[in-house]
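The next block holds one structure in the form of structure tokens; read it before the comments.
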Number of protein chains: 4
Amino acid sequence: MAKKKLRVGLIGATGYGGVGLIELLINHPYISIAALMAKQEIDKPISAIYPHLKGFCDLPVFDPADPKCPHDFDIVFYATPDGVGQKEARKWLNKGIKVIDYSGDFRFNDKDSYASYAARIGKPKEHADPDILHSSTYGLPELHREKIASSDLVGNPGCFAVSCILGIVPALKFGLIDSKDIIFDAKSGVSGAGKTPSPLFHFPARYEAVNAYKVTGHQHVYEIERELASLTDKEIKITFTPHVIPVSRGIIATIYANIATNVNMENLREAYGSMYSKEPFIRIFSHGEILSTTDVRGSNFCNILLTIDSRTGKLIVISVIDNLVKGQAGNALQNMNIMMQIEETTGLMYPGNFP
Amino acid sequence: MAKKKLRVGLIGATGYGGVGLIELLINHPYISIAALMAKQEIDKPISAIYPHLKGFCDLPVFDPADPKCPHDFDIVFYATPDGVGQKEARKWLNKGIKVIDYSGDFRFNDKDSYASYAARIGKPKEHADPDILHSSTYGLPELHREKIASSDLVGNPGCFAVSCILGIVPALKFGLIDSKDIIFDAKSGVSGAGKTPSPLFHFPARYEAVNAYKVTGHQHVYEIERELASLTDKEIKITFTPHVIPVSRGIIATIYANIATNVNMENLREAYGSMYSKEPFIRIFSHGEILSTTDVRGSNFCNILLTIDSRTGKLIVISVIDNLVKGQAGNALQNMNIMMQIEETTGLMYPGNFP
Amino acid sequence: MAKKKLRVGLIGATGYGGVGLIELLINHPYISIAALMAKQEIDKPISAIYPHLKGFCDLPVFDPADPKCPHDFDIVFYATPDGVGQKEARKWLNKGIKVIDYSGDFRFNDKDSYASYAARIGKPKEHADPDILHSSTYGLPELHREKIASSDLVGNPGCFAVSCILGIVPALKFGLIDSKDIIFDAKSGVSGAGKTPSPLFHFPARYEAVNAYKVTGHQHVYEIERELASLTDKEIKITFTPHVIPVSRGIIATIYANIATNVNMENLREAYGSMYSKEPFIRIFSHGEILSTTDVRGSNFCNILLTIDSRTGKLIVISVIDNLVKGQAGNALQNMNIMMQIEETTGLMYPGNFP
Amino acid sequence: MAKKKLRVGLIGATGYGGVGLIELLINHPYISIAALMAKQEIDKPISAIYPHLKGFCDLPVFDPADPKCPHDFDIVFYATPDGVGQKEARKWLNKGIKVIDYSGDFRFNDKDSYASYAARIGKPKEHADPDILHSSTYGLPELHREKIASSDLVGNPGCFAVSCILGIVPALKFGLIDSKDIIFDAKSGVSGAGKTPSPLFHFPARYEAVNAYKVTGHQHVYEIERELASLTDKEIKITFTPHVIPVSRGIIATIYANIATNVNMENLREAYGSMYSKEPFIRIFSHGEILSTTDVRGSNFCNILLTIDSRTGKLIVISVIDNLVKGQAGNALQNMNIMMQIEETTGLMYPGNFP
């Protein structure tokens, strides 16, 4: 285990993804935050932007282009929107500094897959550094732990994707459901939309408002389909409908699939158990229990509940995460631990607060 | 149009369904509230229980068994839980007084259907007055307006059922979807659970909590299946998952169905238009628009949005209501207007407040 | 009573103050909305901006400078920020069209008072049309009903000011409290900050956040002090602390004053009764009752509760309004009714919805 | 520092005060939870009641009277309502086991003070073990750290009292304000009312509702007055108005006092600095900054902001805490650390999560 603390650089420190990582790094025993960087609120102490950090982390926010900004890191996090990390990752990698990116920039391994994704989010289809894509790893530890451990460049998954993929993978992998007709009805808290104010997320307009959005057109569809397809020999087309709910944190994905012939709850429990019983951040629940987003708020856990609707032959899975922890900063830190050969759960074993 | 105001009796006046009706009746031009009745908070003015009514309605709450309680009504509303109205409806009907019941007591026309429903909600399977069931009408005006107009006994629909049925009926009636594999993922505000405090609806436990409940087992499934089956010659089995979201009012139902061969958006718009273009309380929206629960909060409208997911061949319908208005008191008043030959929209044309 | 409907022009139609007035005007029997005007979202139907209005009011939004915009009004509302109405009011008045302005532009009768106020809100101290100030009336009907009735130009009060002034005026007017040391601790819902998104009112940042702001420096202090001073022969300096609470609507002002020697609750009830017992929109409550913001949500009422803390000799008054109704659009409509010799409560007798 | 982990017993484990302590104890390096006790939900694992604890703490809930319940503790917490700890504390103390009680049972040092308090909360005025009161310590570390360190019996303060006392003590102690006429206008989140459902805290009734309650009659007045009086040679009578706001966590106390002659901000900053600059859990802010309840949510900090209203000669202090942490479980753990000669901040240095 490292004696000397690892030096972390954080780009995009002032957004929700950045502050979420800072909250975790503060109490991580093997880490030192070496520099906070952002394009906004330069030179302010981070604790002047987020007063809850006062006394815990009072580092200034550097413009990443500022020559005075430290750059001797062991690992760099890009808690930035799409399009930032792809332009800069190679610079760090060339210096032997590992990179974890929160956006879609490194979730795809070839330029064509990236182009499909980029078209959906209105970005240029051309990746800024397509040759680097082949060396990047999709950072979902439950599926790609070993590859992450040997990787220098990790694309942290989308928050919806984490809840959806973890919820259905064992059923699909073990052939317990029809790979067609999988439906993901996902509901997310507002923090998933980030820190920038907008009319749809203005408090008075939002406080009692629930709505679906990007119906048939959300960009997380691609990474979900890619991950699911890799488990079977078939192309997968999913139906995915995201909703915004007036809470700050939490994703609950309700997943519907047609159960294969003669499959019963016992088979399902075995499949999920075989994949997840040793996973440190997955907890399985049974029909009759109630899974709430508040059960994982502030924690890195994914809670999963399995039900069979015997009247209609459907598997119904409820999968719940905190979109800012397992769906973002917590999962990124889990990746960092793996990449740095630190015990995977270090700095992540918090239950959250209730109520 | 009635010169003399119709006299209304309201049983269950102190619950959310009761107070919602009082709010509407206050400004209804042809109605006089003749008596408020409940089993709790007897003798208090209703405005001592609900201070927003002070000066608008200060009538006392009577025990229905109190001989001093007026009983010369033209129509009686049972805003009561299952099991109350079925024991008493005949008494009023025998005196020529019409009855509208909010519960499941009169949503089914035969004792066997009722028994299936009652088993689900943990009530005695035996209806208290089975012979009366044949004369009751399911009170969804958009489907049964004429029957309601000639009926003396109406069972007001369940709130989830209103949003689900209205959302899918035209597609099913005109054969635009496969009648199998219809999935209703429904999200409701907390007021749908009524006025009685409970741990799951205690503010601190609920304020950030979203959860599914009664997965595969909600009682509204029966009336939805019955109404849908009546439009086709097939048995219908639906998948229905209710969720509770931390808002007070609003239901958003996201409905998934497999679209029939060669059906396109034009066909769908024609079908919904032919059924709903003259409906006073249904508004149709198009793909790309956003439907929010706040668009119908405090109003008697059902907003419906149609989308085709061409990648997966799914019809996705979003259907939104206020569970306490179109899902309860407003729909009940709409039924009353129809039964009493009053213009159907009287006392109901409010847009609600935003934000 | 007017046979021909009065024609209303509304400038600033797309803000919360505008839409709140539209909601009320829709069902006002003697009014026709002649034109909606704003500087944003020109040419859109108002119901495309606020979908709850669809079918109720689908008028387009005009640029006020558009020559096609109707301008034959009986009365014009400026639901606009400070600085707009003062430049244009004279134009309408010269044509015999009455004007009600929501902002501070016409709350002060002389240029010096206005200058003090304007300095506080960061506006040019010079009023754009100072000569017109002398003819304007402060639009608080409970204090200035007769003057409003004969006025062509009314400055609608600030939302905090309405709750604070109505809460303390009788005690001060009848000499029941010391005119020094009056403290107003006021809490407002977020809609009071208007429709424009900002970091402080972004849903995730606001949903659990309560804070004081503009401590010692809120601009409503001036109109409160002016109104209170006019009831006594002394200068009044008040302490006023506004807070933002994470609800959409509602102001609760908790008011503290030193009670005068030998004054008791009986004296207080007499004073408040003599001023308010015939007021259509004020309701008085007693110690032991609980006043909640939800008791007036969506209604034009001000609820007031009186308590004496005999241990400390303090009068404590709780005064509650809906900031968007009695604190804005509802009070403005009340002014319009008075100015137009329409029964004052017309179009305003709604209890709101609970829950 | 202890090698062997201290064994903690927790009575009242299933309430909010209990679960809040468990959340902290889980990651406390020198503590082992030896037994959870409650009167409800006996034999259930605590993680079946609070699923976020699953995997962190799955201990069963014992009836304290169950002979199988462990009782070899180093310290016992009573996270129970008034009246429980006073009957049992002596039993533990006699065995050399220290006791911290959350309720008012041990906040007063003599039976008469207790009787005044008890009358206010509707409890029998007679303390169950009056002789023990003299040895109890009021557990506010910032005022009584040394006494707590040598005490075996500590009464943890009321949540409102923590925010009010910490906010005003330096001003009073250094004679910077008039000791008369101090007003505390306090606003609390709903979790302060505990876990038991009730009509006032039912989600639909509460979600937009703000109200004052117990106006002039809240029981925390006594401990505030006692602590303040001990700093001066005068009797202190305060005005205190609690409000409930629809958030889960957080207290914001707005405190008004008349500033003494010639006192300025410099004097105030010196006074607060001299008392608090070395306090690990107090942070001082300046006029112009904004203090929000979310800045301390989930953390043990008290944030304090000082303002002088020079127009009216008032000191305005804003004091903010998390009612369940510094106002309850966190402060209790701070007391435990002090009593057990563990570094005071152990297990408490968390910034909380934002948003």
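The values are calculated or read from the model by the stated rules, or taken from the named source; none is laboratory data. As the structure is a computational prediction, the values presented were derived from the model and not from experiment. No Cβ is skipped: glycine too gets one built from the backbone with ideal geometry, and neighbour counts run over all protein chains shown.
Within the range D:199-211, the set of residues being part of a helix (DSSP H, G or I) and either of a type in the set (Asp, Glu) or surrounded by 19 or more Cβ atoms within 10 Å (Cβ to Cβ) (or both) comprises D:Phe201, D:Phe203, D:Pro204, D:Ala205, D:Arg206. Taken together, the criteria place C:Gly194 among residues that are surrounded by fewer than 24 Cβ atoms within 10 Å (Cβ to Cβ) and either at pLDDT below 95 or over 23 Å from D:Ser188 (Cα atoms) (or both).
Being within 27 Å of C:Gly20 (Cα to Cα) and of a type in the set (S, T, N, Q) is the requirement here; does B:Thr345 meet it? Taking the combined requirement at face value, the residue satisfies it.
The numbered conditions (1) more than 16 Å from D:Val8 (Cβ to Cβ); (2) modelled with pLDDT of 95 or more are all true for D:Phe56 except (1). Determine whether C:Asp101 is more than 26 Å from C:Val215 (Cα to Cα), in contact with a Phe, Trp or Tyr (Cβ under 6 Å, 6 or more places away or on another chain) and charged (D, E, K, R). So C:Asp101 passes the test. Would you call D:Ala34 free of Cβ contacts under 8 Å to residues at least 40 places away in the same chain, within 30 Å of A:Asn303 (Cβ to Cβ) and more than 14 Å from chain A (Cβ to nearest Cβ)? Yes.
Considering the range A:67-79, the residues that are touching a residue at least 24 places away in the same chain (Cβ under 8 Å) and within 19 Å of A:Lys44 (Cα to Cα) include one that is surrounded by the fewest Cβ atoms within 10 Å (Cβ to Cβ), namely A:Pro70.
Every condition in (1) surrounded by fewer than 24 Cβ atoms within 10 Å (Cβ to Cβ); (2) among the β-branched types (Val, Ile, Thr); (3) in contact with a Cys (Cβ under 6 Å, 6 or more places away or on another chain) is met by C:Ile321 except one, and the failing one is (1). The single condition among (1) touching a residue at least 24 places away in the same chain (Cβ under 8 Å); (2) under 19 Å from C:Lys173 (Cα atoms); (3) hydroxyl-bearing (Ser, Thr, Tyr) that C:Thr261 does not meet is (1). Residues considered: D:Ala257, D:Ala329. Of these, the only one that is under 19 Å from D:Leu21 (Cβ atoms) and not acidic (Asp, Glu) is D:Ala329. For the range B:333-347, the candidate set comprises residues that are buried (at least 22 other Cβ atoms within 10 Å of the Cβ) and aliphatic (A, V, I, L, M); within that set, the residue that is farthest from the other protein chains (Cβ to nearest Cβ) is B:Met339. Checking each residue in the range B:124-158 for being touching a Leu at 6+ places or on another chain (Cβ under 8 Å) and under 17 Å from B:Asp82 (Cα atoms) picks out B:His127, B:Ile132, B:Ser136, B:Thr137, B:Leu153, B:Pro157. Could you list, in sequence order, the residues of the range A:197-225 that are among the charged types (D, E, K, R), in contact with a strand residue (DSSP E or B) (Cβ under 8 Å, 6 or more places away or on another chain) and under 20 Å from A:Asp181 (Cβ atoms)? Matches in the range A:197-225: A:Glu223 only.
If you go through the range B:309-332 and keep only what is within 14 Å of another protein chain (Cβ to nearest Cβ) and either over 16 Å from B:Ala253 (Cα atoms) or in a helix (DSSP H, G or I) (or both), you end up with B:Asp309, B:Ser310, B:Arg311, B:Thr312, B:Gly313, B:Val325, B:Lys326, B:Gly327, B:Gln328, B:Ala329, B:Gly330. At pLDDT 95 or above and surrounded by fewer than 22 Cβ atoms within 10 Å (Cβ to Cβ): which single residue out of C:Thr293, C:Thr261 fits that description? After applying the criteria, what remains is C:Thr261. The combined condition, being touching a residue at least 40 places away in the same chain (Cβ under 8 Å) and on the phi > 0 side of the Ramachandran plot, is fulfilled by B:Gln341. Under the condition of being buried (at least 24 other Cβ atoms within 10 Å of the Cβ) and of a type in the set (A, V, I, L, M), the residues counted in the range D:128-170 number 7. For the range C:47-68, the set of residues classified as hydrophobic (A, V, I, L, M, F, W, C) and more than 22 Å from C:Asp129 (Cβ to Cβ) consists of C:Ala48, C:Ile49, C:Leu53, C:Phe56, C:Cys57, C:Leu59, C:Val61, C:Phe62, listed by residue number.
Table: residues versus (1) on the phi < 0 side of the Ramachandran plot; (2) within 8 Å of another protein chain (Cβ to nearest Cβ); (3) among the hydroxyl-bearing types (Ser, Thr, Tyr); (4) not in a strand (DSSP E or B).
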site	(1), (2), (3), (4)
D:Phe160	yes, no, no, yes
D:Ile168	yes, no, no, yes
D:Gly175	no, no, no, yes
D:Asp181	no, yes, no, yes
D:Lys187	yes, yes, no, no
D:Pro197	yes, yes, no, yes
D:Thr216	no, yes, yes, yes
D:Glu225	yes, no, no, yes
